[in-house]
Amino acid sequence: MVSRLAFVCVLSCLAMAGCASKPPSSLKTAKTAYVPVVERQSLVGRDQADEPDGTPPFSSFGTAPGRPGFGSLAGRTLRVASLSEIKLHDKEVVLTFDDGPMPGKTDRVLEILDRFGVKATFLMVGQMASSYPAVAARVVDHGHSIGGHTYNHANLASVGNSRALSDIATGNAAVARATGVEVGFFRFPYLADTGTLRNAVADRGQVILDVDIDTKDYFKSSPETIAARTMARVRARGKGIILMHDIHARTAAMLPSLLSQLKAGGYKVVALQYRRSRMPGALVSAGVDATTTRQM
Ligand SMILES: [Zn+2]
């Protein structure tokens with residue numbers, strides 16, 4: 001199931017030349033060619049036995065976050081009801097992980113985030129959350145915020161508004177079922193959005209998460225390369241929302257290095273929490289269209 005789902009996601013990525021290759025308004029340099037064969041091989045058939053260091057995924061589960069020496073990486077907690085409320089100061093970053101949950105790999109990411117005492121936002125694919133509800137629930141148990149990423153990672157910019165909004169709602173519902181909490185955030189797969197869809201998602205009360213810094217962890221680069229590439233972009237921008245994917249072993253492998261470098265550079269990881277400001281129940285209702293009037 002892992003392989004099939006990953007394969008479906010990768011095929012979707014291939015069809016769109018990369019999960020995050022379409023640049024959002026704040027990310028103009030992300031469009032690059034994808035590496036289809038390598039990327040596919042990196043996902044299909046992998047499991048925990050392929051992990052590079054064999055570290056058990058839950059070595060610190062249940063412990064208080066923030067071991068001595070790491071706690072200062074944690075920064076402010078922002079409770080937001082819209083994207084415009086995510087106002088980062090210089091040297092502040094937000095960690096986001098897309099496309100999971102995936103057994104083993106998501107668990108490894110959770111363990112590392114706990115070790116460094118920081119919180120992230122996980123944008124979950126509904127089909128993945130339905131397949132691995134226990135993993136999805138553990139993300140919430142570890143204190144992280146969650147968002148939707150459609151049900152099956154569709155390119156919403158090309159399927160029409162009605163289908164797109166249905167996919168969003170179905171995905172949100174699946175993530176809500178798996179986690180038991182409200183799905184407050186949303187990220188467009190491939191960052192493929194339209195103005196109409198952005199307005200519709202915001203009108204339904206979800207906070208759209210764009211991307212400022214793309215780690216490009218969907219390329220089969222070494223963990224050291226990914227961490228170095230990411231830090232170069234962090235230094236260039238000074239702050240921002242960082243895109244990662246918790247379905248790749250290399251992402252978990254590079255995460256300790258990235259977080260250590262952020263800490264050494266005096267950066268702070270800002271935790272996002274969702275704050276409702278709109279009509280209850282709108283976030284997970286299916287069968288909606290794009291013409292709903294704004295609800296305050
Ligand atoms: Zn994605």
If each residue of separation counts as 0.36 nm, what is the full-extension length gain between ALA236 and GLN273 once their alpha-carbon separation is subtracted? 10.7 nm
Pairs LYS91/LYS119; LYS87/LYS119; LYS87/LYS220; LYS220/LYS268: which exceed 24 Å Cα-Cα? LYS87/LYS220; LYS220/LYS268
Expressed in nanometres to one decimal, the distance between label points 7 Å along Cα→Cβ at GLU224 and SER82 is 4.6 nm
Just add up the charged neighbours of VAL80: K/R +1, D/E -1, any other residue whose Cβ is under 11 Å from the Cβ of VAL80. +3
Quick calc, SER260 & ARG163: beta-carbon distance into FRET formula, R0 30 Å, rounding 0.05, result 0.10
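Throughout, read-outs are computed from the coordinates displayed, never taken from laboratory work. Predicted model, so just to flag it, every value in this text is computed and none were measured. Cβ sites come from the backbone with ideal geometry, for glycine too, and all protein chains shown count toward neighbours.
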